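Only one structure is covered here, and it is reproduced in the block below.
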Amino acid sequence: MRPVQILTDSCSDLMKDLREQYGIDYARMNTVYNGEEKQASLDFEYYTPKQLYDIMRAGNRILTTQVPPVEFERIFTEYLEKGCNIVYIGCSTKQSSSVFTGEKVAKDLAAKYPGAEIYCVDSLNASIGEGMLAVRAAKYRNEGLSAKEIYEKVMGDRKKVNQFVTVHNLNALKRAGRVKGSAAFFGNLLGVKPILIADANGNQVPVKKVKGRQNSLNELVALLKEVYDDPEGEVYLTHADCDPEEVEAVCAMIKKELTCKNIHIGYIGPIIGASIGPSAIGIWGFGKEVTYTFEG
């Protein structure tokens, strides 16, 4: 059986230690600022987190691209040449067209690499919600599953990813067109903090408004506690350059309220960060199936 390579993309916000531990690679998207295009590195090779988010704090906007076809061709070919089958887990198609581009490039490469398999998964998620599915896929690979079997298992896992994110305001998300919500919800946000989930169709949806930052952080943990059910005890936290003490406080709440073994902490990367804005923070875990869908 051909070896299987797990790929994701710049939207996954997957920490370097986990990528290295599980042998996961990623397709690069790009950021555009002041007319200069740079690869969206999850290791912040071109901007430090502070530099990236200070650009936005100053009122500037960073634009982003999906994974370019030439980048998919590069990374798919690299692993096809090594004799691998590929499972690519991409950002929700409600947020990015990268999965569609990946499918087209995979089809174009099929004739050149007969017998090789490339599966492209719409994760229905973004940020580490996408990344944790890539980790799950790598664990299936390590158990000896084929590329097709991994694809089928991950397709079943997608709606078990539970996301709870809070932001200072929805301005960046509204400007980027990345969030769904009613006009009534977007109104009267002074002093309240919205909480967003990834719904069953992969939309980013604000579902609650909480008075004050600390209350919103408390609510993140409370909401995850209601649905959390991961025998492996993994929780993931990503943030957009938040105060380290605030991050530590959220971790302390998670340890107190949830039965978890590991909390994986990392930054929200350049692509998601450009859409969500500074000081966003979110927690993710596998649990009950997400059934909520945005209607509007």
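Any idea how many residues of segment 228-273 are closer than 19 Å to S41 by Cα and out of contact with any strand residue (DSSP E or B) (no Cβ under 6 Å at 6 or more places or on another chain)?
Result for segment 228-273: 6.
If only one of V105, V70 is in contact with a Pro (Cβ under 7 Å, 6 or more places away or on another chain), over 16 Å from A134 (Cβ atoms) and either of a type in the set (A, V, I, L, M, F, W, C) or free of Cβ contacts under 8 Å to residues at least 40 places away in the same chain (or both), which one is it? Even if it seems obvious, please write down each step before you answer.
Details: V70 fails: in contact with a Pro (Cβ under 7 Å, 6 or more places away or on another chain).
The match here is V105.
Residues being assigned to a strand (DSSP E or B), of a type outside the set (S, T, Y) and surrounded by 15 or more Cβ atoms within 10 Å (Cβ to Cβ): count how many of those fall in segment 244-269.
The initial filter retains those residues of segment 244-269 that are assigned to a strand (DSSP E or B), namely 262-267.
Filter once more, so that each one left must be of a type outside the set (S, T, Y): 262-266.
Within this subset, residues satisfying the condition of being surrounded by 15 or more Cβ atoms within 10 Å (Cβ to Cβ) are 263-266.
Looking only at that region, the number is 4.
So which residues in segment 202-243 are touching a residue at least 40 places away in the same chain (Cβ under 8 Å), open to solvent by less than 70 Å² (accessible area, probe 1.4 Å) and more than 24 Å from Y53 (Cα to Cα)?
G202, V207, E219, V221, L223, L224, V227, Y228, D230, E234, V235
Restricting attention to segment 97-144, and to residues there that are β-branched (V, I, T) and open to solvent by less than 10 Å² (accessible area, probe 1.4 Å), which single residue is nearest to D13 (Cα to Cα)?
Of segment 97-144, the ones β-branched (V, I, T) are 99, 101, 105, 118, 121, 128, 135.
Imposing the further condition that a residue be open to solvent by less than 10 Å² (accessible area, probe 1.4 Å) reduces the set to 99, 121, 128, 135.
Values: V99: 16, V121: 17, I128: 5, V135: 12 Å.
Restricting to residues being β-branched (V, I, T) and open to solvent by less than 10 Å² (accessible area, probe 1.4 Å), the top hit is I128.
Within segment 56-81, which residues are modelled with pLDDT of 95 or more, part of a helix (DSSP H, G or I) and open to solvent by 80 Å² or more (accessible area, probe 1.4 Å)?
If the condition is that a residue be modelled with pLDDT of 95 or more, part of a helix (DSSP H, G or I) and open to solvent by 80 Å² or more (accessible area, probe 1.4 Å), then V70, E73, R74 are the ones that fit.
Run R141 past the list (1) of a type outside the set (A, V, I, L, M); (2) within 16 Å of the chain's Cα centre (by Cα); (3) at pLDDT 95 or above and report the number of the one that doesn't hold.
(2)
The values are calculated or read from the model by the stated rules, or taken from the named source; none is laboratory data. None of these values were measured; they are calculated from a predicted model. When we count neighbours, we look across all protein chains shown, and the Cβ atoms used for this are built from the backbone with ideal geometry, even at glycine. Calculation scope for accessible area: heavy atoms of the full protein, side chains included, ligands and nucleic acids excluded. Shrake-Rupley method; radii C 1.70, N 1.55, O 1.52, S 1.80 Å.
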